[in-house]
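What follows is one structure encoded as structure tokens, with my remarks underneath.
The values are calculated or read from the model by the stated rules, or taken from the named source; none is laboratory data. None of the values given here were measured: they were computed from a predicted structure. Positions of Cβ are generated from backbone atoms using ideal geometry, with glycine treated the same way; all protein chains shown enter the neighbour counts. Remember, those area values only see protein heavy atoms, side chains included, never the ligands or the DNA or RNA. Shrake-Rupley method; radii C 1.70, N 1.55, O 1.52, S 1.80 Å.
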Amino acid sequence: MNRILIAEDEPRIAAFVEKGLQAHGFAVSVATDSQQTLLIVEASTFDLLILDLGLPGQDGLQVLTQLRGEGETLPIIILSARDDIRDKVAGFERGADDYVTKPFRFEELLIRIKARLRNRNSANRQIEAILQNGNLLLDLRTRKVKVDGCWMELPCREFNLAETFFRHPGQVLSREQLLDRVWGYAYDPGSNIVDVYVSYLRKKLGNNLIETVRGMGYRFKT
């Protein structure tokens, strides 16, 4: 499931795009200002960002510049009422992958999103097929993990959780982050679903690899 962040301070537009993307199977989060956008991108993993230029706080172009300056490579589509050619040129020069002007048709935005995701997924498959942590291997193509020299297939949720840990070795991940990344939608924060699936992974990967950090979350040891 691809994850998309919408950075848009106009509630009507944000809700319209969010509802449309969810109907097409995307996991969607919304940020309403520049600071929140930067914090969410830093804390979570997304496949694409839809960025309004008129965000409260920093201008959207500044957000774009900061993200690219920090090495963020996720596709970014600017969605803005600014239709002047100079704004479009500035957006592309600062690292935007596409530019859609308001008012817009959702169908056009959806086509552009799918095109950018295809390009990204194709590049990712060519660059990275297997993740490794010590003697553990996680094959992104077959959705299998290699433990003690033996390959085993993981169910969908367990695989997604394992991939999240493999991509963030040594980093403490909160239950909320794992819920958001693996399940991709609002989930009851009081649920123990994360703990249950961590328990499943521990039995398969080894009890000592996923460490509980009391009051904070979990850490995948390197």
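Worth a mention:
- Looking only at residues of the stretch 29-55 that are under 26 Å from Asn160 (Cα atoms) and hydroxyl-bearing (Ser, Thr, Tyr), we find that the one that is surrounded by the most Cβ atoms within 10 Å (Cβ to Cβ) is Thr37.
- Exactly one residue among Glu153, Glu158, Glu163 is modelled with pLDDT of 90 or more and more than 22 Å from the chain's Cα centre (by Cα), and that residue is Glu153.
- Given (1) modelled with pLDDT under 90; (2) not in a helix (DSSP H, G or I), index of the condition Pro56 fails: (1)
- For the stretch 128-156, the candidate set comprises residues that are of a type in the set (Lys, Arg) and open to solvent by 70 Å² or more (accessible area, probe 1.4 Å); within that set, the residue that is farthest from Val198 (Cα to Cα) is Arg141.
- Yes/no for Leu179 being assigned to a helix (DSSP H, G or I) and at pLDDT 90 or above: no
- Residue within the stretch 21-28 that is in a helix (DSSP H, G or I), in contact with a Gly (Cβ under 6 Å, 6 or more places away or on another chain) and open to solvent by 40 Å² or more (accessible area, probe 1.4 Å) present: no
- Scanning the stretch 202-217 for residues that are modelled with pLDDT of 90 or more and within 15 Å of Asn133 (Cα to Cα) returns Arg202, Lys204, Leu205, Leu209, Ile210, Glu211.
- Residues satisfying the stated conditions in the stretch 56-74, i.e. surrounded by fewer than 22 Cβ atoms within 10 Å (Cβ to Cβ) and touching a Ser or Thr at 6+ places or on another chain (Cβ under 6 Å): Gly57, Gln58
- Close contacts from the stretch 198-222, counting a first residue that is without any contact (Cβ under 8 Å) to a residue 12 or more places away in the chain and a second that is open to solvent by 40 Å² or more (accessible area, probe 1.4 Å) and among the charged types (D, E, K, R), with Cβ to Cβ under 8 Å and a gap of 6+ residues or different chains, come to Glu211/Arg219; Glu211/Lys221.
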